């Protein structure tokens, strides 16, 4: 999927990543998702974060800085 169409999210509260099994999943773990995507694509995590933030703003009609 092209980066300009990608959004990041964590799974449901009862589905944490493998390193946190048995614990509640939470948005604070989104950085791990971002870092993993960046590693798979061979690009800096900040590039993934910026692109997916812009994508979410466009999709949900949020103003810049929101």
Unique match (being within 11 Å of the chain's Cα centre (by Cα), loosely packed, with under 13 Cβ neighbours inside 10 Å and either free of Cβ contacts under 8 Å to residues at least 60 places away in the same chain or assigned to a helix (DSSP H, G or I) (or both)) among 12, 38, 28: 28
Restricting attention to the range 41-66, and to residues there that are in contact with a helix residue (DSSP H, G or I) (Cβ under 8 Å, 6 or more places away or on another chain) and loosely packed, with under 10 Cβ neighbours inside 10 Å, which single residue is modelled with the highest pLDDT? 63
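The values are calculated or read from the model by the stated rules, or taken from the named source; none is laboratory data. All values reported here derive from a predicted model rather than from experimental measurement. Methodologically, a virtual Cβ is constructed for each residue, glycine included, from the backbone with ideal geometry; neighbour enumeration extends over all protein chains shown.
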